[in-house]
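Notes follow the structure.
The values are calculated or read from the model by the stated rules, or taken from the named source; none is laboratory data. Just so it is clear, the model here is predicted, and its values are computed rather than measured. Counting neighbours? That spans all protein chains shown, and the Cβs are built from the backbone with ideal geometry, glycine included. Surface areas here come from the heavy atoms of the whole protein model, side chains and all, with no ligands, DNA or RNA. Shrake-Rupley method; radii C 1.70, N 1.55, O 1.52, S 1.80 Å.
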Number of protein chains: 2
Amino acid sequence: MKSLLLVAHGSRRAESNSEIARLSERLAAKAAANFDVVEHAFLELADPLIPDGIERCIARGATSVSVVPYFLARGTHVAEDIPEQVAIKQAEYPDMDIHITDYLGTSDELVDVLLKLAG
Amino acid sequence: MKSLLLVAHGSRRAESNSEIARLSERLAAKAAANFDVVEHAFLELADPLIPDGIERCIARGATSVSVVPYFLARGTHVAEDIPEQVAIKQAEYPDMDIHITDYLGTSDELVDVLLKLAG
């Protein structure tokens, strides 16, 4: 049973965190063919944090978790902090397949998205 | 003559700033039907800063500048800092059409981009 965990930075602004929750709901609505479960989590400043997000996926029956970093650049958060948090849960659940996908900023399709925004 | 100015946050990591420069080049390659000029700029920490990015567009003959914020959330940078920088140049060039588009995070298509990344 596959799950997708959208991971964003987290903000002191509640509205920014709510944007992520809404994005996660839209993902869930479209992901049904590929993922049974979609959850979201934050690296810091907001709940649920990454370990809790992984727990939510497991509690809903997931046997794999695809962690998708909602980040534009490969800074310390993407290169170190997210992998560190994920590794803790992987050690706790050695039979689970928990892996981190490429981060958003690597997607070739952002060019088209930006051109459409530019009008 | 229309120009597109991609505006990213800017980083202390040179590699992150280079990623933006490469993205801007890929935008330029695809934007030709809609924009004669594509440049990039940073809000802080890296050159060119926003005012210099606008100047580059003007120096290349632009009569309009579409400023596209490469940001995921509507924080202070999107809500206040970018508009403030843009307003300074608009006051300096009252005949130019300098406007800010929606920021990347508003795009409905990010759902599809994320699903593709998740695999």
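On inspection, A:SER24 fails the criterion of being of a type in the set (Ser, Thr, Tyr), under 15 Å from A:TYR93 (Cβ atoms) and within 12 Å of another protein chain (Cβ to nearest Cβ).
Among the residues of the range A:16-69, those identified as open to solvent by 10 Å² or more (accessible area, probe 1.4 Å) and assigned to a strand (DSSP E or B) are A:VAL38, A:GLU39, A:HIS40, A:LEU49, A:SER64. If only residues of the range B:63-100 that are aliphatic (A, V, I, L, M) and farther than 20 Å from A:VAL111 by Cα are counted, the one that is nearest to the other protein chains (Cβ to nearest Cβ) is B:ALA79. Assessment of the range A:101-119 against the conditions (on the phi > 0 side of the Ramachandran plot and either open to solvent by 40 Å² or more (accessible area, probe 1.4 Å) or more than 12 Å from every other protein chain (Cβ to nearest Cβ) (or both)) yields at least one matching residue. Within the range A:32-52, can one find any residue that is under 24 Å from B:GLY75 (Cα atoms), under 12 Å from the mean Cα position of the chain (by Cα) and within 10 Å of another protein chain (Cβ to nearest Cβ)? There is no residue in the range A:32-52 that is under 24 Å from B:GLY75 (Cα atoms), under 12 Å from the mean Cα position of the chain (by Cα) and within 10 Å of another protein chain (Cβ to nearest Cβ).
If you filter the range B:2-15 down to residues that are more than 7 Å from chain A (Cβ to nearest Cβ) and assigned to a loop (DSSP other than H, G, I, E, B), you find that the one that is farthest from B:PHE71 (Cα to Cα) is B:ARG12. Does the range B:104-111 contain at least one residue that is among the hydrophobic types (A, V, I, L, M, F, W, C) and modelled with pLDDT under 95? No - not one qualifying residue is present in the range B:104-111. Selection of the range B:70-100 for residues being free of Cβ contacts under 8 Å to residues at least 24 places away in the same chain, open to solvent by less than 60 Å² (accessible area, probe 1.4 Å) and not polar (S, T, N, Q) yields B:GLY75, B:ALA79, B:PRO83, B:ALA87.
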